[in-house]
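Reviewing the structure listed below.
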Amino acid sequence: MTADSKTNDQPGSALRTISRHIVRQLGMLNSACGDLPLSPVQAHALLEISHGAISIKKLADILNIDKSNASRAVSHLVGKRFADTKSNPRDSRSLLAHLTPKGKRLLQKLDRQQNIIFDEILSQLSPSETQKIEVAMSVYHKAIRRSQLQQEYTIREITAQDNTAMAEVIRQVSAEYGLTADKGYGVADPTLDAISEQYLGNNACYWIIEKDGQVLGGGGIAPLVTSGSTEDRQQICELQKMYFSQSLRGKGFAKRLAYQALDFARDQSFDACYLETTACLGEAVKLYESIGFEHIDSHMGDTGHDACEMPMLLKL
């Protein structure tokens, strides 16, 4: 049994295998970049330096490599006179790398070499196939970036010890957007200070996001509260109490937590997921639309959130 066959039953295993083969086929594991006197890391460093004088630390951040690796790449380029360094006027302890005329000529050769390689690859594809790949790779790239931004955080199921902290997040975010308790928003729920107790059933769950022991946000899913039959209550769930402090925003957690909740709902055999939101939460509305929620004409269930004028539904 091969390593690839062992992981075939894992989510994303095919994508993982394709990614690995692409890295190999593009020569990223080779010691030299084509027929040029550059390793792949040095070639990427050369390209970034061409955009303007740059510090080793900034170069390491852009290339997503450690500082010592970036320093070795620049040292090689300087030793071959493809680059040079000068004092950083903003930080006397660091140097700025910049291209030399020789380095610019080498970069032109690198561009020509890469153009030939990619022209040959693209000649195997129709324009529509190329466009589809560009869109898919852009989505993939964003997902990689978001996963990197999330590395120092933990997502876990809520416990009773998290109740006070999560309730405070909800109150702070609600106040930030003017979602006051007197207007019928979630912050007015009588169970706000005992959130974990509302998700004890097997068909409900609430997850919190924390960093260094601090609760920064969360979201959950549970059967839609309704006056209908027990069977009706089991068929539709509700995405609930998705609140994130400012420090979490822009890192992709809202989409990640929504997908996690929807996967849970499918595992519990729900047919659809319902939510209620409001126009003042524009970013949240766009998120829900992007993952497939559709606006519906009337509210469902007995949520008690009459001020949330935007009911939405997603068929699972």
Enumeration of residues in segment 174-213 that are modelled with pLDDT of 90 or more and β-branched (Val, Ile, Thr): Ile195, Ile208, Ile209
Hey, Leu77 part of a helix (DSSP H, G or I), touching a Ser or Thr at 6+ places or on another chain (Cβ under 6 Å) and either polar (S, T, N, Q) or closer than 20 Å to Ala45 by Cα (or both) or not: no
Residues of segment 285-304 that turn out to be of a type in the set (A, V, I, L, M, F, W, C) and either crowded, with 18+ Cβ neighbours inside 10 Å or touching a residue at least 60 places away in the same chain (Cβ under 8 Å) (or both), as a count: 2
Exclusive hit being surrounded by fewer than 17 Cβ atoms within 10 Å (Cβ to Cβ) and in contact with a Ser or Thr (Cβ under 9 Å, 6 or more places away or on another chain), set Ala307, Ala272, Ala279: Ala307
Within segment 214-305, helices (runs of 4 or more DSSP H) holding 2 or more residues that are over 23 Å from the mean Cα position of the chain (by Cα) and at pLDDT below 95: 230-235
Segment 39-74, subset hydroxyl-bearing (Ser, Thr, Tyr) and part of a helix (DSSP H, G or I), residue surrounded by the fewest Cβ atoms within 10 Å (Cβ to Cβ): Ser68
Residue within segment 248-270 that is out of contact with any Cys (no Cβ under 7 Å at 6 or more places or on another chain), of a type in the set (Phe, Trp, Tyr) and in contact (Cβ under 8 Å) with a residue 24 or more places away in the chain present: yes
Search result, residues across segment 39-97 that are in contact (Cβ under 8 Å) with a residue 60 or more places away in the chain and either on the phi > 0 side of the Ramachandran plot or touching a Gly at 6+ places or on another chain (Cβ under 8 Å) (or both): Leu46, Asn64
Close pairs (7 angstrom Cβ cut-off, 6 or more residues apart or separate chains): within 14 Å of Arg156 (Cβ to Cβ) in segment 196-212, modelled with pLDDT under 95 and loosely packed, with under 11 Cβ neighbours inside 10 Å anywhere: Lys211/Glu152
Criterion: touching a strand residue (DSSP E or B) at 6+ places or on another chain (Cβ under 7 Å), modelled with pLDDT under 95 and either closer than 21 Å to Lys251 by Cβ or of a type in the set (Ser, Thr, Tyr) (or both) - qualifying residue of Ser87, Ser147, Ser92: Ser87
Residue match in segment 162-169 (condition: touching a Cys at 6+ places or on another chain (Cβ under 7 Å), modelled with pLDDT of 90 or more and of a type in the set (Asp, Glu)): no
Test for Asp189: is it of a type outside the set (A, V, I, L, M), touching a residue at least 60 places away in the same chain (Cβ under 8 Å) and at negative phi: yes
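The values are calculated or read from the model by the stated rules, or taken from the named source; none is laboratory data. Source: prediction; values computed, not measured. Because the Cβ atoms are built from the backbone with ideal geometry, glycine has one as well, and the counts that use them run over all protein chains shown.
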